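Okay, so here's the structure we're looking at.
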Amino acid sequence: MALLEIKDLHATVGDREILKGIDLTVEAGEVHAIMGPNGSGKSTLAQVLAGRELYHVTGGQVTYDGKDLLALSPEDRAREGIFLAFQYPVEIPGVSNMYFLKAALNTIRKHRNLPELDAMDFLERIREKMTAMNMDQTLLNRPVNAGFSGGEKKRNEIFQMAVLEPRLAILDETDSGLDIDALKLVAAGVNAMRSAERAMIVVTHYQRLLSEIVPDYVHVLADGRIVKSGGKELALELEAGGYAALGIQEEAEAVGKA
Amino acid sequence: MTAVAEQIGNWLEQFTQQEPAEPWLQKLRDSAFARFTELGFPTTRDEEWRYTNVAPIARANFVGQAPGLPSNVPVASLPEIDREHLGRYAPQNAFVALNTAFLRDIAFVRVARGTVVVQPIEINHVVSGQAGSLPHAHPRTLIVVAPGAQCTIVETYKGTGHYFTNAVTEIVAGDGAVIDHYKIERESPEAFHIATMQVSLGRSANFTTHNISLGGALVRNDIGATLSEGAEATVNGLYLVNGTQHVDNHTVIDHAKPHGSSHELYKGILDGHASAVFNGRIIVRKDAQKTDSKQTNKNLVLSDDAVIDTKPELQIFADDVRCTHGATIGQLDAESLFYLQSRGIGKAQARSLLTQAFAQDIIDRIKIPELRNQLEKVLSEKFHEHGNY
């Protein structure tokens, strides 16, 4: 049984249809890249999978680990092992990073019938992961993402992923706004998490992230549909010929950026 | 008898039941009571009371004055030099007059010239309303801080059952005095709480107050501060209302002389059918050039049935000043909620986390660590208990 199976998924925001019939199957252990021009629906797909209420699913099914994913609340999806690394991580003044992450980890652990961690055990557990992401310990006491640089926010997302250990990670344009060093660091963090039990969906506009996180499959999304699927070489084709080589007009699509 | 005459009749009975006092004090009480009968309780036709209906207080039959604090001093024993401060600052409205009419004992603090009192001075008012009785309490506080002196004051109001607290606090800050003041209102859910605080700031005096309103059925806070040259006033507040609670915060910052500055930040969290009022008046007198004043009121409204009325009132008669004000009324941020939920945190917990974060901004400004911790605990219990706060 596939870990994730998306069938003919349609979604709207307001009265505008953005996803117009997506089909995608992801097995445990696989890394799928979803590429496409701005406005093709990449971010919408990521947010719909995580349960954002802003988008209305108007048709189709999503089965995750044998369950009807669309029937689950966002928090239950997270507890079942879905993690979305946000394109624009939200700043939450007044809630410390440490409090937030400990609360998140303990809710998920509870759901997995694991004992909750106290502050000491929690710190112990995350120290190594912080170092790996080159994150300063002082970030823990700062409010969630507040005053973080763009790169710090993205690293914080991957750090959270490392702590929460999801079964399906969805990375939404994690490469955007990163310089090459930050990109390598983030990619190394992601690669360290690749395993036979874990699947990943990597949403990106550019090929450069995919030379660091090498996918098993590449799908091209245009106007709310997957128009082409292939192996990792498809990303290189796109890099060489652009979306135009596939007959996709980028300018026209850019208008509909969600 | 008319309704008004009847209300006053009840209070007359209470008033005449008091033990007679020394002539000077009796005179003060008598004239205050005369003033009260003349004014009567305000109604919503009074602009100052437009959004706060005190009819439940006016109509109630209060029986017996609640005992004062054991640490209070009889007003009669107040040194003659300090008597002159009594009633000199507080506005002469009906509630202040009623408080003075029942003046018996007083929480009195005097800090001598240049003295720095490090330990916070705590003034705890507790009223217990027994079944069948409806006590009224008129806590009176006088704080005289001499030039160059410093102190920290924490006033706490608590109680059980039905009762009416009608507090008056007068604070006199001498030139260069520094006062850090806190008022924590945690009255019983049935209590009526009316409080008037008036502060007189000398040259370059510095006064900070944090006004935290958590309890009570009907609460009104009037805070007034008059600033001399170069004085600085920080007036912050936090109000949390739920159920059918009503909290009204009226502030008047009066810049009488040049180079004064005032900072005001009030934050409110409203749920259920609760209502709140914020009315912030800033007066900048003709002489008060170079005044720097900022006022902000932010409200988090968590239910469709909660009501907030917020109103800035700027009266500026000087031309070289900087005065800014702003008010916001909003709900919890949907994106922040989703972010927390997407990490496994349940919706109810995510809501209470974000609500607490909104209040934390005020709590973080409290300089006494024990008080900060205590309030954090109270708030977290409050948010937890209501779940969908």
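Of A:Asp76, A:Asp65, which residue is under 19 Å from the mean Cα position of the chain (by Cα) and surrounded by fewer than 17 Cβ atoms within 10 Å (Cβ to Cβ)?
Being under 19 Å from the mean Cα position of the chain (by Cα) and surrounded by fewer than 17 Cβ atoms within 10 Å (Cβ to Cβ) holds for just one of A:Asp76, A:Asp65, which is A:Asp65.
Residues that are at pLDDT 95 or above, in contact with a helix residue (DSSP H, G or I) (Cβ under 7 Å, 6 or more places away or on another chain) and open to solvent by 10 Å² or more (accessible area, probe 1.4 Å) do occur in region B:130-140.
For region A:90-114: of the residues being more than 20 Å from the chain's Cα centre (by Cα) and outside any helix (DSSP H, G or I), which is nearest to the other protein chains (Cβ to nearest Cβ)? Checking each candidate, the answer is A:Gly94. State yes or no: is B:Gly268 in contact with a strand residue (DSSP E or B) (Cβ under 9 Å, 6 or more places away or on another chain) and on the phi > 0 side of the Ramachandran plot? Considered against the rule, which asks whether it is in contact with a strand residue (DSSP E or B) (Cβ under 9 Å, 6 or more places away or on another chain) and on the phi > 0 side of the Ramachandran plot, B:Gly268 comes out as no.
Checking each residue in region A:198-220 for being more than 16 Å from the chain's Cα centre (by Cα) and open to solvent by less than 20 Å² (accessible area, probe 1.4 Å) picks out only A:Val220.
If you scan region A:14-58, which residues turn out to be over 23 Å from A:Thr174 (Cα atoms) and of a type in the set (A, V, I, L, M, F, W, C)? Passing the criteria: only A:Val57.
Hey, among the residues in region B:307-362 that are among the small types (Gly, Ala, Ser) and at the interface with chain A (Cβ under 7 Å from one of its Cβ atoms), which one's farthest from A:Ala78 (Cα to Cα)?
B:Ala357
Where residues in region B:160-212 are of a type in the set (Val, Ile, Thr) and farther than 22 Å from B:Ile253 by Cα, which of them is farthest from the chain's Cα centre (by Cα)? Only one residue fits best here, namely B:Thr160. Of the residues making up region B:144-159, those that are more than 19 Å from the chain's Cα centre (by Cα) and among the polar types (S, T, N, Q) number 1. Restricting A:Met133, A:Met161 to those that are buried (at least 21 other Cβ atoms within 10 Å of the Cβ) and within 14 Å of chain B (Cβ to nearest Cβ) reduces the list to A:Met161.
Filter region B:267-311 down to the residues that are hydroxyl-bearing (Ser, Thr, Tyr) and open to solvent by 10 Å² or more (accessible area, probe 1.4 Å) and list them by number. Within region B:267-311, B:Ser275, B:Thr296, B:Ser303, B:Thr310 qualify. Only a single item in (1) without any contact (Cβ under 8 Å) to a residue 40 or more places away in the chain; (2) under 28 Å from B:Asp248 (Cα atoms); (3) open to solvent by 50 Å² or more (accessible area, probe 1.4 Å) is not met by B:Ile81, and it is number (2).
Evaluate region A:81-89: report whether one residue or more is open to solvent by 30 Å² or more (accessible area, probe 1.4 Å) and either charged (D, E, K, R) or not in a loop (DSSP other than H, G, I, E, B) (or both). Don't jump to the end; show me each part of the working.
Initially, region A:81-89 is screened for residues open to solvent by 30 Å² or more (accessible area, probe 1.4 Å), giving A:88.
Now restrict to residues that are either charged (D, E, K, R) or not in a loop (DSSP other than H, G, I, E, B) (or both): none.
Within region A:81-89, none of the residues are open to solvent by 30 Å² or more (accessible area, probe 1.4 Å) and either charged (D, E, K, R) or not in a loop (DSSP other than H, G, I, E, B) (or both).
Scanning region A:1-38 for residues that are without any contact (Cβ under 8 Å) to a residue 24 or more places away in the chain and not in a strand (DSSP E or B) returns A:Gly14, A:Asp15.
Filter region B:99-129 for residues that are open to solvent by 20 Å² or more (accessible area, probe 1.4 Å) and polar (S, T, N, Q); which is nearest to B:Asn61 (Cα to Cα)? Looking at the filtered set, the residue picked out is B:Ser128. Residue count for region A:166-197 satisfying the condition of being open to solvent by 10 Å² or more (accessible area, probe 1.4 Å), of a type in the set (D, E, K, R) and under 13 Å from the mean Cα position of the chain (by Cα): 2. Output the residues belonging to region A:39-79 that are hydrophobic (A, V, I, L, M, F, W, C) and either within 14 Å of chain B (Cβ to nearest Cβ) or free of Cβ contacts under 8 Å to residues at least 24 places away in the same chain (or both). Correct list: A:Ala46, A:Val48, A:Leu49, A:Ala50, A:Leu54, A:Leu69, A:Leu70, A:Ala71, A:Leu72, A:Ala78.
What about B:Gly344, is it at pLDDT 95 or above and not assigned by TED's automatic domain parsing to the domain that holds B:Ala231? Judged against the criteria, B:Gly344 is a match. Taking region B:1-59 and the helices (runs of 4 or more DSSP H) fully enclosed by it, the elements with 3 or more residues that are open to solvent by 50 Å² or more (accessible area, probe 1.4 Å) are at B:3-16, B:23-39. Scan region A:27-49 and tell me whether some residue there is within 19 Å of A:Asn156 (Cα to Cα) and of a type in the set (A, V, I, L, M). Yes, region A:27-49 contains at least one residue that is within 19 Å of A:Asn156 (Cα to Cα) and of a type in the set (A, V, I, L, M).
Of everything listed in (1) open to solvent by 30 Å² or more (accessible area, probe 1.4 Å); (2) more than 22 Å from B:Ala334 (Cα to Cα); (3) free of Cβ contacts under 8 Å to residues at least 24 places away in the same chain; (4) not polar (S, T, N, Q), the single unmet condition for A:His111 is (3).
The values are calculated or read from the model by the stated rules, or taken from the named source; none is laboratory data. Given the structure is predicted, the values throughout are model-derived calculations rather than measurements. Cβ coordinates were reconstructed from backbone atoms using ideal geometry, including for glycine residues, and neighbour counts include every protein chain displayed. Side chains included, ligands, DNA and RNA excluded: accessible areas come from the protein's heavy atoms. Shrake-Rupley method; radii C 1.70, N 1.55, O 1.52, S 1.80 Å.
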